[in-house]
Amino acid sequence: MSAPTTNQKLLDWVAEIAEMTTPDQIVWCDGSKEEYDRLMAEMVESGAAIKLNEEKRPNSYAFNSDPSDVARVENRTYIASVKEEDAGPTNNWIDPEELKETMRGLYKGCMKGRTMYIIPFSMGPVGSTIAKNAIEITDSAYVVTNMHIMTRVTPEVLRLIEKEDFFIPCLHSVGAPLEEGQKDVRWPCAPIEKKYIAHFPEENLIWSFGSGYGGNALLGKKCLALRIASAMAGREGWMAEHMLILRFTNPEGKQFHIAAAFPSACGKTNLAMLQSTVPGWKVETIGDDIAWMKPGEDGRLYAINPEAGFFGVAPGTSEASNPMALAACSKDTIFTNVVVTEDNDVWWEDMGYDCPGGGGTDWKNNPWKQADGEKGAHPNSRFTAAAANCPVVCPDWEDPAGVPIDIFVFGGKRTSVMPLVHEAFDFEQGVYMGATASSEPTAAALDLGNVSLRFDPFAMTPFIGYHAGDYMQHWFDMGEKLGDKAPRVFYVNWFQKDGKKFLWPGFGDNSRVLKWMCDRVEGKVEARETPIGLMPIDGDLTLDGLDIPAEDWEKLMKVDNEAFLNTVEDAKAYLAKFGDKLPAKMNEQLKKLEARLKA
Ligand code: SAT
Ligand code: MN
């Protein structure tokens, strides 16, 4: 196939990679339906994919990975900045030249017997000033088809690359060359000690080897849109964050845009697609995982979702927890590591009903019966679904200008101490809240008492592509730049418990909390001052129709100064690891908070 581009940089890079990896053939991808169908047909034919029941799950496929290749591998993920201190304490570091030498050794001949696919893709609406053009080279057709859904794959990107002479090169191989006549396995990959997910932030370069799963292989997602993009954003004065973006519209049609960051397992995708229980108010989704944000001409912060699909965790997704995600994956979806039922549909744990027929084929590709008690779907099994198929996606979710963000929300899972909601006095305190976002390790560990919190600043710990202290400083700098146009910042905790019982109903009723935030932004309600921030005056956060006993509400709204001081001690100990890179403003916030709590 002759190359469909005239860009010399791209042609040179492709030639260099082809020479190193020696594929049997080279295919330039165009993102078309024909291409998708052809690759899927090939994978069904080879046994890598299962075509699902066309009536129940139109245009959908299931894959089972190798049991050793089921999630991102953080201990094999590297930020190879030139200087070690630029990677900081939250990243693994190897000298870039040393890492490249090691990886060149692995890449040598690694595509033998395979096809090298060249995928031109845009993160963000094609041509948006916030978007980035990139090329992923991969030897996995599974990756190509997932990239079709998760990103914008189109030859238009090649035109933009020709015009701008710029793209982000992303190299991926499953690391499993085939000898002459050797039959391929269902899910080729390399053993853990050969896996590398490498980032070279100064060169905007990504090299991934050995894994075919999720963020290890779909390089537009965490590698580009968070690790490389956060480093670029830090240099260029914008933000790449691990945040959902939603629009909340009031009965008069006024729109509020909220970007929210939570550590994993705090219901980010559920919040992004929430079914509002506040009469007349509705939530629409712009993104469920990543936000790219830039100050606009009016001085406000504008956000786009750089992705085009959802790579969502399947288990736990049900009619009750997230009907909109379920609807999004009702067709045109790739499922990975779920149960395939006897009638070729899909099932997973906590889907809201028992597995139809009592069993099927489990994620390990073995016959499976639910009654035997083993999990049928892997806990990190996923659906890859188009955002356009989500019934509550904003009609203008692809607007290249993005949406103006009114509100940032941070949160974590705390069974006590942290109230339902509090608002930062100002943006700088908001940065402190983001930096100290934390969850309790596990309920069991809590019983041991005195177990410190697990901190996950801005829900970005594994995704900050440079020194986390510099990243925190960048947040303060953005606050200064945005001034009085900066989003208001709130901290939420949906997870307070009394014994086994959750005090707050959560899910759709979280809209009540979002509404209070919007009322604050509009200046419709006052707030009461507490040592930790601004909190709702009784009656302002509507509880109509909820059956929450007064004493539970009191607990949800309580600030226990002494208990909170312990949280501050934990935060201090955690932040100390950033050494002299910890922004002075962070120490200031710590001191102020301590003083307010002791007053
Ligand atoms: O595997 S992904 O990085 O795409 C998803 C996740 O781990 O959050
Ligand atoms: Mn994520």
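For the reader, a short list of remarks on this structure follows.
- Dipole orientation for the chain: of the candidates THR333, GLY181, VAL313, VAL313 has the Cα lying most toward the positive pole (charges on Cβ; Lys, Arg +1; Asp, Glu -1).
- Net dipole in debye of the chain [+1 Lys, Arg Cβ; -1 Asp, Glu Cβ; about Cα centre; nearest 20]: 460 debye
- Highest-first arrangement of 508-520, 221-233, 6-18, where packing means the average Cβ count within 10 Å: 221-233, 508-520, 6-18
- Across LYS413/LYS558; LYS497/LYS591; LYS100/LYS195; LYS413/LYS497, pairs whose alpha-carbon gap is larger than 21 Å: LYS497/LYS591
- Over all other residues within a Cβ to Cβ distance under 11 Å of GLY358, the charged ones net out to -2, with Lys and Arg as +1 and Asp and Glu as -1.
- FRET efficiency for VAL559 and ASP372, using Cβ-Cβ distance with R0 set to 60 Å, rounded to 0.05: 0.80
- Set of the range 268-293 residues, backbone N closer than 19 Å to the point 7 Å along the Cα-Cβ line of GLU252: 278-283
- Dimensionless Rg/Rh of the range 310-389 - Kirkwood Rh, Rg from C-alpha atoms: 0.95
- Positive-end residue, the chain charge dipole about Cα centroid, Cβ charges, pick of LEU271, VAL144, TYR471: TYR471
- Computed from point charges on the beta carbon alone (+1 for Lys and Arg, -1 for Asp and Glu), the dipole magnitude for the range 170-257 about its Cα centre is near 300 Debye.
- Most to least packed among 365-376, 73-84 [average Cβ atoms within 10 Å]: 73-84, 365-376
- Comparing Cα centroids, the range 313-333 and the range 40-61 end up 19 angstrom apart.
- In the chain, the portion of solvent-accessible area held by carbon and sulfur atoms comes to 50 percent [1.4 Å probe, whole percent, DNA, RNA and ligands not counted].
- Only helical runs count toward this figure. For the chain, summing -39,500 (n - 2.57) over DSSP H runs of n ≥ 4 and dividing by all residues gives -8000 deg cm²/dmol at 222 nm.
- Scoring 293-306, 148-161 by mean Cβ neighbours within 10 Å over their residues and listing the highest first yields 148-161, 293-306.
- Cα-based radius of gyration for the range 391-536, normalised by 2.2 N^0.38 Å, reads 1.15.
- Å² of accessible area per residue within the chain, as computed with a 1.4 Å probe and no ligands counted: 39 Å²
- Measuring between their Cα centroids, the range 491-523 and the range 1-39 lie 49 Å from each other.
- Using θ = phi - 60° and Karplus 6.51 cos²θ - 1.76 cosθ + 1.60, couplings along the range 166-180 (whole Hz; Gly, Pro as x): 8, 7, 9, x, 10, 9, 9, 9, 6, x, 9, x, 10, 6, 3
- Scattering from the chain was approximated by placing one identical point on each alpha carbon and applying the Debye formula without solvent; log10 I(q)/I(0) at 0.05, 0.07, 0.12 1/Å stands at -0.21, -0.42, -1.27.
- Local electrostatic count, ASN566, Cβ distance below 14 Å [Lys/Arg +1, Asp/Glu -1]: -3
- Of THR361, ILE79, CYS110, farthest towards positive along the dipole that unit charges on Lys, Arg, Asp, Glu beta carbons give the chain: ILE79
- Dipole moment magnitude, nearest 20 debye, the range 125-224 about Cα centre, only Lys, Arg, Asp, Glu C-beta charged: 420 debye
- Cβ-based net charge around LYS413, under 14 Å, with every Lys or Arg adding one and every Asp or Glu removing one: +2
- The range 324-442: C-alpha gyration tensor shape, a/c 1.5 cut-off, then a/b vs b/c: oblate
The values are calculated or read from the model by the stated rules, or taken from the named source; none is laboratory data. Given the structure is predicted, the values throughout are model-derived calculations rather than measurements. Note: ideal-geometry Cβ built from the backbone for every residue, glycine included; neighbour counts use all protein chains shown. These area figures cover heavy atoms from the full protein model, side chains too; ligands, DNA and RNA do not enter into them. Shrake-Rupley method; radii C 1.70, N 1.55, O 1.52, S 1.80 Å.
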